[in-house]
Amino acid sequence: IIKERKKSSGYFSKNYMTKETLGKGAFAEVKLVVNRMSGEHFAVKIIDKSRVEEHKRLLTNFDSEKSILGRVKHPTIIRVKAIYHEERYFYVVLDLAKGGELFDRIVEQGHFTEDETRIVMLQLLLGLYYLHKQGIVHRDIKPENILLADYEGLRVQLADFGLAKIVGEQSFMKTLCGTPMYVAPEVLKARGSRMYGNKVDIWSLGVVLYICLFGFPPFSDDLSPPPMNQQIMQGLYSFPSPHSDRISQQAIRLIKSMLCVDPEKRISAKQALLDPWLRAYQEGTTWRI
Ligand code: ADP
Ligand code: MG
């Protein structure tokens, strides 16, 4: 599906008109583009090759992202349309998520209702279930990497496979990466030696679930000590009132089963999809994804 083109520079710009910047990440700048032929809008992730060549890690990152995105096809995951490999830059053309980051929507609204949260979680769990079934771990689940497909509504899509790695039988992931606030305890404890698997995504999604409902994170250095790393490794989080008064016990129970320190006991994507709180949506409200 990915058409790789090693053509003279300007090939990308012959096909696409570049508009405003949509976002910046650790490794790339993302811009809005218009296809000159069709007039269709896309996003393009522009990666500076000089940076890539300077830092071999970035290259590995890019290659892993490229190969993973080529294999992945699911409504909850941003699709790669084309990759242009030119003199100075890599251009990765992506489906445009018009609604921007989930993070900004949460901030705008303060927090989501349970119905809204359920819709978001259901889609993300379907996406994770799909990835995990194929042995892919995202490893960087956080609201900045969860995009809204449209200006309105809550259709969500996972972006940024920069950190994703295929979990092979021998090559379990050992690298410490990801954003501390969303990082699973086993990753913090591992310190490069122990192995960890796809449950790290469930933990991160548990943090996202908490933030959706409460409007603030479960772990943070702004709170009372111990430091955030310790809070995470010990599973020290609470459901403070008055916020918790409007949140159902079923929702709290799902948070607890996702934010479970022991990855063995932590719920899987498949099990979470059978959760009664999530199924309350599937069985008969008027919400549409
Ligand atoms: P990085 O690997 O550098 O973090 P991302 O893929 O996460 O790069 O992209 C950085 C930001 O660009 C995202 O947080 C988001 O705001 C924006 N962005 C990325 N992909 C898209 C897309 N397909 N549609 C709209 N905005 C996007
Ligand atoms: Mg990102």
Legend entry - Meets criteria (of a type in the set (Lys, Arg), modelled with pLDDT under 85 and under 22 Å from the mean Cα position of the chain (by Cα)) for Lys66: yes
Inset, instruction - Just one of (1) touching a strand residue (DSSP E or B) at 6+ places or on another chain (Cβ under 6 Å); (2) modelled with pLDDT under 90; (3) near ligand 1 (Cβ under 10 Å from one of its atoms) trips up Asn61, so point out which. - result: (1)
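Hey, any hits in the stretch 89-98 for a residue that's in contact with a helix residue (DSSP H, G or I) (Cβ under 9 Å, 6 or more places away or on another chain) and assigned to a loop (DSSP other than H, G, I, E, B)?
Scanning the stretch 89-98 turns up no residue that is in contact with a helix residue (DSSP H, G or I) (Cβ under 9 Å, 6 or more places away or on another chain) and assigned to a loop (DSSP other than H, G, I, E, B).
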Legend entry - Failed condition for Tyr196, given (1) modelled with pLDDT under 85; (2) in contact with a helix residue (DSSP H, G or I) (Cβ under 7 Å, 6 or more places away or on another chain); (3) under 28 Å from Phe112 (Cβ atoms): (3)
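In the set Met228, Met181, which member is more than 23 Å from Tyr130 (Cβ to Cβ) and within 16 Å of the chain's Cα centre (by Cα)? Even if it seems obvious, please write down each step before you answer.
Details: Met228 fails: within 16 Å of the chain's Cα centre (by Cα).
Exactly one residue qualifies, and that residue is Met181.
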Inset, instruction - Evaluate the stretch 112-131: report whether one residue or more is more than 26 Å from Leu32 (Cβ to Cβ), out of contact with any Cys (no Cβ under 7 Å at 6 or more places or on another chain) and in a loop (DSSP other than H, G, I, E, B). - result: yes
Legend entry - Residue list for the stretch 209-236, restricted to those being closer than 21 Å to Val107 by Cα and of a type outside the set (A, V, I, L, M, F, W, C): Tyr210, Gly215, Pro217, Pro218, Ser220, Asp221, Asp222
Inset, instruction - Show the residue pairs that are 6+ apart or on different chains and have beta-carbon atoms under 8 Å apart, the first residue being within the stretch 115-138 and farther than 14 Å from Asp275 by Cα, the second being aromatic (Phe, Trp, Tyr) and modelled with pLDDT of 95 or more. - result: Val120/Phe112
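Out of curiosity, is Tyr281 surrounded by 13 or more Cβ atoms within 10 Å (Cβ to Cβ), in contact with a strand residue (DSSP E or B) (Cβ under 7 Å, 6 or more places away or on another chain) and either at pLDDT 95 or above or of a type in the set (Ser, Thr, Tyr) (or both)?
Working: surrounded by 13 or more Cβ atoms within 10 Å (Cβ to Cβ): yes; in contact with a strand residue (DSSP E or B) (Cβ under 7 Å, 6 or more places away or on another chain): no; either at pLDDT 95 or above or of a type in the set (Ser, Thr, Tyr) (or both): yes.
Judged against the criteria, Tyr281 is not a match.
Rundown of residues vs (1) under 23 Å from His243 (Cβ atoms); (2) within 16 Å of ligand 2 (Cβ to nearest atom); (3) of a type in the set (Ser, Thr, Tyr); (4) surrounded by fewer than 20 Cβ atoms within 10 Å (Cβ to Cβ), yes/no style:
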{"site": "Asp104", "(1), (2), (3), (4)": "yes, yes, no, yes"}
{"site": "Phe112", "(1), (2), (3), (4)": "yes, no, no, no"}
{"site": "Lys133", "(1), (2), (3), (4)": "no, no, no, yes"}
{"site": "His138", "(1), (2), (3), (4)": "no, yes, no, no"}
{"site": "Lys142", "(1), (2), (3), (4)": "yes, yes, no, no"}
{"site": "Leu148", "(1), (2), (3), (4)": "no, yes, no, no"}
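The values are calculated or read from the model by the stated rules, or taken from the named source; none is laboratory data. Source: prediction; values computed, not measured. Neighbour counts are summed over all protein chains in view; Cβ atoms, including those assigned to glycine, are modelled from backbone coordinates with ideal geometry.
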